[in-house]
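Peer 1: Mind having a look at this structure? Questions to follow.
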Amino acid sequence: MDRRVQRRYAMMVQQHMKSSNRNAAGPLLLAGESLAASATQAAWRFLNNPNVSLTDLVEPLRQAGRDACRQSESEYVLLAHDWCKIDYKNHSSKPDLRQITHETDVGYDMTSALLVDAGNGHPLAPMQMHLKTADTLYSTATQPPDVDAHHLDQVAPTMEEAGQWGLERKVVHVIDREADSLGRLRSWAAADHLFLVRSDDRR
């Protein structure tokens, strides 16, 4: 690797070692880095390594979550499950966009499970992620769900896998209104998982 490429990789690593604050959506870019596209390209070259899996890449984040749990004074830790659409309807160069609802609603479907301190509400680390494209699912899970699996069918496997992360705290799974599904609530309870779901009074 020539020195110019080494310098670019070193700069990229430095950028990702510090965020502007705990809740920042991305890294703090160094002064002089003017083009987001070049930073993205450098990250892609760095991460596009067939010898390193997504489960390998998520392990430092999980270790950060384990370390934070040990420092917490709470008996519990929260794992917030959520889904979002990454909207690319105006981005015609991506050939793997997924139709989310109707034909003009396209992009990627992302699932995330964020570890949160139960004592003070501070985010600790993302512990599990899935990204659905048109016909592929990229996942940090040891046993990824099927690309067409319903959002709520992704929850139970993550609940099970969370028990193997060594968090040393009782994990409470927090899920918004989308998880107001009586059959699934019963199955999670039968498996002795702790969870909090926003539901209406019919439940």
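Peer 1: For the stretch 84-110: of the residues being acidic (Asp, Glu) and over 17 Å from His150 (Cβ atoms), which is nearest to the chain's Cα centre (by Cα)?
Peer 2: Taking the candidates together, the pick is Asp87.
Peer 1: Looking at the structure I just gave you, is Val147 under 23 Å from Ile100 (Cβ atoms), in a helix (DSSP H, G or I) and among the aliphatic types (A, V, I, L, M)?
Peer 2: In short, no.
Peer 1: Continuing with this model, one more query. Yes or no: Arg3 on the phi < 0 side of the Ramachandran plot and either in the same structural domain as Lys132 (by TED's automatic domain parsing) or modelled with pLDDT under 65 (or both)?
Peer 2: no
Peer 1: Now a separate question. Looking only at the stretch 65-75, count every residue that is touching a residue at least 60 places away in the same chain (Cβ under 8 Å), small (Gly, Ala, Ser) and within 15 Å of Ala162 (Cβ to Cβ) and tell me the total.
Peer 2: Residues meeting the conditions: 1.
Peer 1: On to the next question. Output the strands (runs of 3 or more DSSP E) that fall wholly within the stretch 65-136 and possess 1 or more residues being of a type in the set (S, T, N, Q) and surrounded by 18 or more Cβ atoms within 10 Å (Cβ to Cβ), or say none.
Peer 2: The strands (runs of 3 or more DSSP E) meeting that bar are 106-117, 123-132.
Peer 1: While we're here: Can you find even one residue in the stretch 137-149 that is in contact (Cβ under 8 Å) with a residue 60 or more places away in the chain, of a type in the set (Asp, Glu), over 18 Å from Val58 (Cβ atoms) and in contact with a helix residue (DSSP H, G or I) (Cβ under 9 Å, 6 or more places away or on another chain)?
Peer 2: The answer is no, given that none of the residues of the stretch 137-149 is in contact (Cβ under 8 Å) with a residue 60 or more places away in the chain, of a type in the set (Asp, Glu), over 18 Å from Val58 (Cβ atoms) and in contact with a helix residue (DSSP H, G or I) (Cβ under 9 Å, 6 or more places away or on another chain).
Peer 1: Right, next: Assuming Met159 fulfils every condition listed in (1) surrounded by fewer than 17 Cβ atoms within 10 Å (Cβ to Cβ); (2) closer than 18 Å to Cys69 by Cα apart from one, which condition is it?
Peer 2: (1)
Peer 1: It is to be established whether one or more residues within the stretch 176-189 are modelled with pLDDT of 95 or more and either in contact with a Pro (Cβ under 6 Å, 6 or more places away or on another chain) or closer than 21 Å to Val52 by Cα (or both).
Peer 2: no
Peer 1: Follow-up question, since we're still on this one. Please indicate, with yes or no, whether at least one residue in the stretch 164-173 is at pLDDT 95 or above and in a helix (DSSP H, G or I).
Peer 2: So far as the stretch 164-173 goes, no, none of its residues is at pLDDT 95 or above and in a helix (DSSP H, G or I).
The values are calculated or read from the model by the stated rules, or taken from the named source; none is laboratory data. Here the structure is a predicted model, which is why all the values come from computation and not from measurement. Here Cβ is always computed from backbone atoms with ideal geometry, including for glycine, and neighbour counts include all displayed protein chains.
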